[in-house]
Amino acid sequence: MSRENLMGGRRGQGRSEPPPKQSLRERFVALRNLPPFLRGIWRTSPSMSIASIFLRLLRALLPVATLYVGKLIIDEVTHLFRSGGLHADLSAWLSDPLLHRLWWLLAWEFALAVGADLLGRIVSLIDSLLSELYTNTTSVQLMEHAASLDLEDFEDADLQDKLDRARRQVAGRSSLLSQLLGQAQDMVTIVSFAVGLAIYAPWLIVLLLVALVPVFVGELHFNAQSYAVNYQWTPERRELDYLRMLGASTQSAKEVKSFGLNRFLIDRYSELSQSIYRANRLIAVRRAGWGGLFTTIGTIGYYCAYAIIALRTVQGHFTIGDLTFLSASFRRLRSLLEGLLVGFSQVAGQALYLDDLFSFFQIKPQIFSPKHPRPFPHPIREGFVFDNVGFRYPDAERWAVRHLSFTLHANEVLALVGENGAGKTTVVKLLSRLYDPSEGRILLDGHPLAEYDLQALRANIGVIFQDFMRYYLSAASNIAVGRIEARDDQARIADAARRSVADEVIAKLPKGYEQMLGKLFKGGVDLSGGEWQKIAIARAYMRDAQLLILDEPTAALDARAEFQVFQRFKELSQDKSAVIISHRFSTVRMADRILVLDDGRIVEIGSHDELVAAGAHYAELFELQAAGYR
């Protein structure tokens, strides 16, 4: 099998569809993302936002003030030189009243220089703090919104691409604040310089604008191209992150070393990273080439203006101070305008990236609580009823389950049995409303499941899936996640551990319930698969739910541990409903009833003895497993 097939069969063709090519007008339309971005910055900290704006306004006026004071100094020196009012020694200079104006001008220029430096440092400090606060706030909002989405969304590759781009924009766009405020500051400075030039030579401004238009258009074009490349290669970037994790992860280290996968992972990473590098390099080279040409045009315009100013100074139209002020103002204005235009095109480009963030926030969940939910029953009296329920996963042609009609009675233990892919876990997902049926309905005490508050429903269901999470937290916290709001209730945590037989595991840990689990952090202790599973089962008991669902709960347990767990489970589920999914018939035979699934349909329902006596599908599976122990 080729490397491409091993990693999902893509070499280029798996990339996201490129975003539609945007016209110049459409790129400007992306600037609509800036107002919500700025509102988010303002909400993060109004006081720091005001301070940054005020200080930047002051700083924006300092360059032209400094240049003008410099012009006055040069004119004053020239005047003193021509008047012969210079002395040979320093003491005479200091006491000469003719030089008082010069000293004051020098003092003012010194004060402006110190003020500019201090303001720059304060503004940088405020911007960095504000950007970090915005990143933290937006990250929380991103996590909250992701938590509100449906399980279906997280199983969709396109949404994973959107989520990945959104995550990148949270951190990647934090510099946009400084850029936007910096451009606002530059605009004030540009206006002040333009006023000064307009007084002396307004035609210089026209020459300057003509020289800078090509730079602006070029930057706008290449920013859009860069965005298109980054958008198109999102799946590959996610794969790079995944390969990095596989190559240096505690979870994967044993298997990677055992199968000798290091070289394969490294080669695949190198191949992908080089492909992305080549795509970015092509844009960078083109940008550098055209950018150099456009900058040269601007430089030619500057020196033409400089030559004209020098000529007019020789002709007596300008003083030496005017020459210095105009040439420096023109140079600074050209630099500022070029930076402003290029920066504006970059802001327009970054506004395209903000689309990735804001479009993710626009994704709405399809499974939610009704406006006026029905109170959740305490206790459940009748149970759950599946009424001709069918479900098909998004974009799948095959029905996962169909025509399911059965009742999970109150205080009943129901086992789901079937071969892999029969639809057992799908039933659990529908029961806990991680998905809604594609057809049919599910009732709880005679009312549709969708009429109940979603959080109340899930709070009353304790689910432990086969692929349960291993949290690199303390043993107590690992159990407390079953009902995280009770994480400080040590008695409840200990009781949940006792019910699942996890207390025996915790008793062996050096720090007991405070022991950090897993090897990700220093001082952590790893557990065996069976020990982790006991900890996970304790979460279901921690929840103290009316319905317990255990999906392959004893897959990693030995025979003795499995017997202990289910003996305890049978004792503790007398007043609860329960659903058990297991391939072990020693487990499912403890259930009150067994529901046998085959290809997404119910083929048998009954007790263990009834189904064995029937000699049908269940009996066949039972005999196959029993034969292995003979």
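Every number here is computed from the coordinates shown, using simple stated rules; none is lab data. Remember, predicted model here, so these are calculated numbers, not experimental data. Here Cβ is always computed from backbone atoms with ideal geometry, including for glycine, and neighbour counts include all displayed protein chains.
List of remarks:
- Annotation: extensible slack from residue 616 through residue 363 equals 86.4 nm (criterion: 0.36 nm per residue apart, minus Cα-Cα distance).
- Using θ = phi - 60° in the Karplus curve 6.51 cos²θ - 1.76 cosθ + 1.60, the 3J(HN,Hα) couplings for the range 587-600 round to 7, 5, 5, 6, 6, 5, 9, 10, 10, 9, 10, 8, 6, x Hz; x is entered for Gly and Pro.
- Amide H to amide H, with H built 1.01 Å from N, residue 517 comes under 5 Å of 473, 474, 475, 525, counting only residues 5 or more places away or on other chains.
- Cα-based radius of gyration of the range 347-464 once divided by 2.2 N^0.38 Å, which approximates compact folds: 1.34
- Here each label is just a point 7 Å from Cα along the line to Cβ, and for residue 242 and residue 319 those points are 7.2 nm apart.
- Extension gain for residue 154 to residue 508 (0.36 nm times residue separation, less C-alpha to C-alpha distance): 123.7 nm.
- Cα gyration tensor, the range 416-480 - rounded (a/c under 1.5), prolate or oblate: oblate
- Each of residue 419 and residue 310 was given a label point 7 Å from its Cα along the Cα-to-Cβ line. The distance between the two points is 9.0 nm.
- Cα Rg over Rh - the range 459-515, Kirkwood: 0.94
- Taking amide H as placed 1.01 Å from N in the peptide plane, residue 463 has its amide H under 5 Å from the amide H of 549, each at least 5 places away in sequence or on another chain.
- The residues packed around residue 323, meaning those with a beta-carbon under 13 Å from its beta-carbon, carry a net charge of +1 if Lys and Arg are +1 and Asp and Glu are -1.
- Short to long, the 5 Å bins of the Cα pair-distance histogram for the range 105-162 hold 4, 15, 12, 12, 9, 9, 8, 7, 6, 6, 5, 4, 3, 1, 0 percent of all pairs.
- Cross-link pairs beyond the 29 Å C-alpha cut-off, checked among 162/576; 424/519; 424/508; 511/534: 162/576; 424/519; 424/508
- Pairwise FRET efficiency - residue 100 versus residue 521, Cβ, R0 = 60 Å, nearest 0.05: 0.30
- Ordering of 594-602, 263-271 by burial proxy (mean other Cβ atoms within 10 Å per residue, highest first): 594-602, 263-271
- Spin-label model distance (nm) - residue 586 vs residue 107, 7 Å beyond Cα toward Cβ: 9.6 nm
- For residue 71, the aspartates and glutamates whose Cα comes closer than 17 Å to its Cα, not counting residues fewer than 8 places off in the same chain, are 109, 322.
- Of the peptides 39-49, 498-508, the order by per-residue mean of other Cβ atoms within 10 Å, starting with the highest, comes out as 498-508, 39-49.
- Across the range 270-280, coupling constants 3J(HN,Hα) worked out from phi with the 6.51/-1.76/1.60 Karplus curve, θ = phi - 60°, read 4, 4, 5, 5, 5, 5, 5, 4, 5, 5, 6 Hz, and Gly and Pro carry x.
- Remark: the residue 179-residue 387 segment gains 69.0 nm on full extension, using 0.36 nm per residue and subtracting the alpha carbon distance.
- The phi-based Karplus calculation (6.51 cos²θ - 1.76 cosθ + 1.60; θ = phi - 60°) puts the 3J(HN,Hα) values of the range 360-376 at 5, 5, 7, 6, 10, x, 9, 10, 8, 7, x, 4, 10, x, 6, x, 6 Hz, whole numbers, x for Gly and Pro.
- Remark on residue 604: its backbone amide H falls under 5 Å from those of 596, a criterion applied only to residues 5 or more positions apart or on other chains, H modelled at 1.01 Å from N.
- Within-10-Å neighbourhood charge of residue 366 [Cβ basis; K, R +1; D, E -1]: -3
- Taking Cβ atoms as reference points and 12 Å as the exclusive limit, the residues near residue 523 contribute a net charge of +1, counting Lys and Arg as +1 and Asp and Glu as -1.
- Cα Rg, Dmax, the range 376-432, angstrom units: 12.9, 39
- Annotation for the range 377-453: trypsin sites (Lys or Arg not before Pro) lying in DSSP loop with at most 12 further Cβ atoms inside 10 Å of their Cβ are 381, 398.
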